[in-house]
Amino acid sequence: MSSTSTDFQDAGAVKGGGVLETRLIDIDQEKFASDVWGRTALLTRGVSDFSDVFSASAVDELVSRRGLRTPFLRVAKGGSTLPESSYTSPAGVGATISDQLDDTALWRKFADGATLVLQALHRTWEPVSSFSSRLSTELGHPVQANAYITPPQNRGFDDHYDVHDVFVLQIEGTKRWIIHEPVHVDPLRSQPWTDRRSAVEEAAQGAAYIDTVLEPGDVLYLPRGWLHAAQAKGKVSIHLTLGIHTWTRHALAEHLAQAALAALCDDPGMRRSLPLGVDGPEEEMAAVRERLAAAVLEADTTSLFHRARRGQGRPAPLGPVAQLAAIDGLRPESLVRLREALEARFDGSRLTTRVGWLDFPEEDLPSVRRLLEGGDYLAADIGLELAGRLLRAGVLVPVAQ
């Protein structure tokens, strides 16, 4: 977020002892929230060993054995993205899929200096998924994860800026990063760096704000809009980029305007055709302004933000076989817990989550509210009927015993 909107961020949502404070920064979380978040770049040395999150063996597993398809991977060289047809091929007998990754073609591109970009790892690699989900919960903003695998002495992309904040986690090898201050502060998603290509190129020729080599365990935080380019050094470089898709006042304004427009669909006067032969509709425009402003003021904003945020993420994975077994084998001693990343929220007696909503009778509300606090619970303490209902709804999941 920009310096003009940082006060809008609920810094209290960042909990101490989470992945932000223990694995990404070495300053107090409150200082990060007040002095760094959305304001300036931050380099942190040797803050964590990330081998439990991602590794070179994970790269090889994903590329050669998981049957990934585009766009879960893209390939870049010399500042340009290569065509997908140059590294994909049909999947072979029994799979009529023409765009699976071709590991032989990828090897040849990589050996020739191309960077492999594994995209959306929060969907394809469980340790990254878990890490990203926890960080998203702490920050209150959606998080995506990409990995960049660059051969020695090569770079994948020229100087550019992103339209989201990033945490860069150096996993293996080393990479030189050159950082410059923004040419356009706090760009929105509709304002990519290519719209300001000449300004970016000119700024990249000036003195760097940061010019450093990241080593395994180092973390670099960059707010959206900060220019950067990176080049691998003497070994293969693997880094993980956590993209933070920050909420802004502009985003809230978009959702508020959409809610107002939806309400105006029920206004007969707004649905009426303009008069025949209308020329210079100043009076009509004035009437529309008045009605639109009234609709904005009258729009229900109580859960607007939470509804929108729920739609930008996914709950933790749920295995259908394990879930059915948990329901069939439910006993008083069975352990269950709230499914993570549900964005669960009570509105009166209604529980709204990313997997739908449920209404509860008054007698069940204390048990359900207790579940939202987290932790493991015996089915007997919740009530077998209620526990079964929540398991069937995908709100609770079994705890392995």
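Couple of notes before you dig in:
- Loop trypsin sites (Lys or Arg not before Pro), segment 186-221, which have at most 15 other Cβ atoms in a 10 Å radius of their Cβ (DSSP): 189
- Of the residues 259, 188, 86, the one whose Cα sits farthest toward the positive end of the charge dipole of the chain, with +1 on the Cβ of Lys and Arg and -1 on the Cβ of Asp and Glu, is 86.
- Lys/Arg +1, Asp/Glu -1 at C-beta; segment 350-401 dipole; positive extreme among 368, 395, 380: 395
- If R0 is 41 Å, the Cβ-Cβ spacing of residue 350 and residue 272 corresponds to a FRET efficiency of close to 0.70.
- For segment 185-206 versus segment 239-271, the spacing of their alpha-carbon centroids is 25 Å.
- Selected from 245, 229, 207, residue furthest toward positive end of dipole (segment 200-257; charges at beta carbon): 245
- Using only side-chain charges placed at the Cβ, +1 for Lys and Arg and -1 for Asp and Glu, the dipole size of segment 179-232 relative to its Cα centre rounds to 260 debye.
- Across the chain, C-alpha contacts under 8 Å between residues 6 or more apart give a mean separation that, scaled by the residue count, equals a relative contact order of 15 percent.
- Dipole magnitude (debye, nearest 20) for the chain, charges at Cβ of Lys, Arg, Asp, Glu: 960 debye
- Only the Cβ atoms of Lys and Arg (+1) and of Asp and Glu (-1) were treated as charged; on that basis the dipole of segment 12-96 about its Cα centre amounts to roughly 360 debye.
- Per residue, in Å², the accessible surface of segment 307-401 once ligands and nucleic acids are set aside, probe 1.4 Å: 56 Å²
- By accessible area with a 1.4 Å probe, ligands and nucleic acids excluded, highest first: order of 31, 235, 175: 235, 31, 175
- Structure remark: mean-square fluctuation, Gaussian network model of the chain, C-alpha springs under 10 Å; the largest value among 312, 170, 205 belongs to 205.
- Non-local lysine pairs in the chain, meaning eight or more places apart or on different chains, with alpha-carbon distances under 18 Å, amount to 8.
- GNM remark for the chain: springs join alpha carbons under 10 Å apart, and the peak mean-square fluctuation among 136, 190, 48 falls on 190.
- For the chain, a Gaussian network of Cα nodes joined below 10 Å ranks 297, 227, 252 by mean-square fluctuation, and the top entry is 297.
- MRE, 222 nm, helices only [DSSP H, n ≥ 4, -39500 (n - 2.57), over the chain, to nearest 500]: -8500 deg cm²/dmol
- Where trypsin sites (Lys or Arg not before Pro) fall in DSSP loop in segment 43-82, at most 15 other Cβ within 10 Å: 45, 66
- Residue-normalised accessible area of segment 213-306, given per residue in Å² at a 1.4 Å probe: 56 Å²
- Carbon and sulfur %, accessible surface of the chain computed with the full protein complex present, 1.4 Å: 50 percent
- Candidates per chymotrypsin sites (Phe, Trp or Tyr not before Pro) in segment 196-256, loop by DSSP, up to 16 other Cβ within 10 Å: 209
The values are calculated or read from the model by the stated rules, or taken from the named source; none is laboratory data. Here the structure is a predicted model, which is why all the values come from computation and not from measurement. Methodologically, a virtual Cβ is constructed for each residue, glycine included, from the backbone with ideal geometry; neighbour enumeration extends over all protein chains shown. The area values use the complete protein model at the heavy-atom level, side chains included, leaving out ligands, DNA and RNA. Shrake-Rupley method; radii C 1.70, N 1.55, O 1.52, S 1.80 Å.
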